[in-house]
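Beneath this line is the structure, given in structure tokens, with notes to follow.
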Amino acid sequence: MDLLFVVALAATGAYMLNTQQQRRRIVLLAQHLQPYQIERLMETLTQGYLRAMGEQDPERRQQVLNLLASSEAQLSEQFERFAADFRRVPAPLARASRLALGLPFATQLLPAATFDMREAIDVHARGIARVARNDAGLSPRDKAFTMTAELLLMQHTCHWFCKSKAVASARTLARHQTPHAQLVAAVSPETRAAYLALTGPAR
């Protein structure tokens, strides 16, 4: 049998297996997110922060940010509930590969090169709640900037779990013009330390 044909057949099989596994992770995450309005609240906040930062009048900017406080509280509460719900996912289904590219059975064959998505969601839940409470006493502008980074990094982690780190980073760069490493640098120090300890160095 022609070697090129064998290689092509193996590559096609690996691609199909990888796509199937990715689809299962997408369905798993979507099922747990479905009861919540996390995506809608995220959009409300990120769009609202952009609008507030575009206001030249400080008083008007603060009014817009004040209106967003209830959405911050709702998002924090809903994400904590989502994290508690996702903790019930069996450990083998919650593993995500640290490898840049998605490979079939990577979490089973290379368990040392994985992280637990349940723990990652907990890291993000704590980070969102911390910024929503403004534990660090940030200025309104810095709080909005940090919360945006927390939300985009959380979104990156979800894409990473569903697809791969490379795909997640490419999406973040395309949609938000922000490299993954820059997001990691922009979140709160507590989130950054916990996130890097779990997922490894940002590249």
Applying the gyration tensor rule to the Cα atoms of region 21-126 (axes a ≥ b ≥ c; rounded if a/c under 1.5, else prolate if a/b exceeds b/c, else oblate), the class is prolate
Using a simple spin-label model with points 7 Å from Cα along the Cα→Cβ vector, what separation in nm is obtained for Ala100 and Glu77?
-> 4.3
How far is helix 189-199 tilted, in degrees, relative to the longest principal axis of the Cα atoms in the chain, given as a value from 0 to 90 rounded to the nearest 10?
-> 10
Give the angle, between 0 and 90 degrees and rounded to the nearest 10, that separates the Cα long axis of helix 3-33 from the longest principal axis of the Cα atoms of the chain.
-> 30
Using the eigenvalues of the Cα gyration tensor, what equivalent ellipsoid semi-axes result for the chain when each is taken as the square root of five times the eigenvalue, whole Å, largest first?
-> 35, 17, 15
Local charge sum around Pro35 (other residues, Cβ-Cβ under 14 Å, Lys/Arg +1, Asp/Glu -1)?
-> -1
Rounded to whole Hz, the Karplus (6.51, -1.76, 1.60) HN-Hα couplings of region 151-161, x for glycine and proline | 5, 5, 5, 4, 4, 4, 4, 5, 5, 4, 4
Taking a probe of 1.4 Å, how large is the accessible area per residue of region 38-141, in Å²?
-> 54
Find how much the distance from Leu138 to Glu55 grows on full extension, using 0.36 nm per residue of separation minus their present alpha carbon separation; answer in nm with one decimal.
-> 28.0 nm
Helix 38-54 versus the longest principal axis of the chain: what angle, 0 to 90°, nearest 10, using Cα atoms?
-> 50
Computed lengthening from Glu39 to Leu173, 0.36 nm per intervening residue step minus Cα-Cα distance = 46.4 nm
Net +/- balance of residues flanking Ala52 in space, Cβ distance below 14 Å, scoring K and R +1, D and E -1 | 0
Tally Lys and Arg at +1 and Asp and Glu at -1 over the other residues with C-beta under 14 Å from the C-beta of Pro92: what net charge comes out?
-> +4
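The values are calculated or read from the model by the stated rules, or taken from the named source; none is laboratory data. Computed from a predicted structure; not experimentally measured. No Cβ is skipped: glycine too gets one built from the backbone with ideal geometry, and neighbour counts run over all protein chains shown. What goes into the accessible areas is simple: the full protein's heavy atoms, side chains included, and nothing from ligands, DNA or RNA. Shrake-Rupley method; radii C 1.70, N 1.55, O 1.52, S 1.80 Å.
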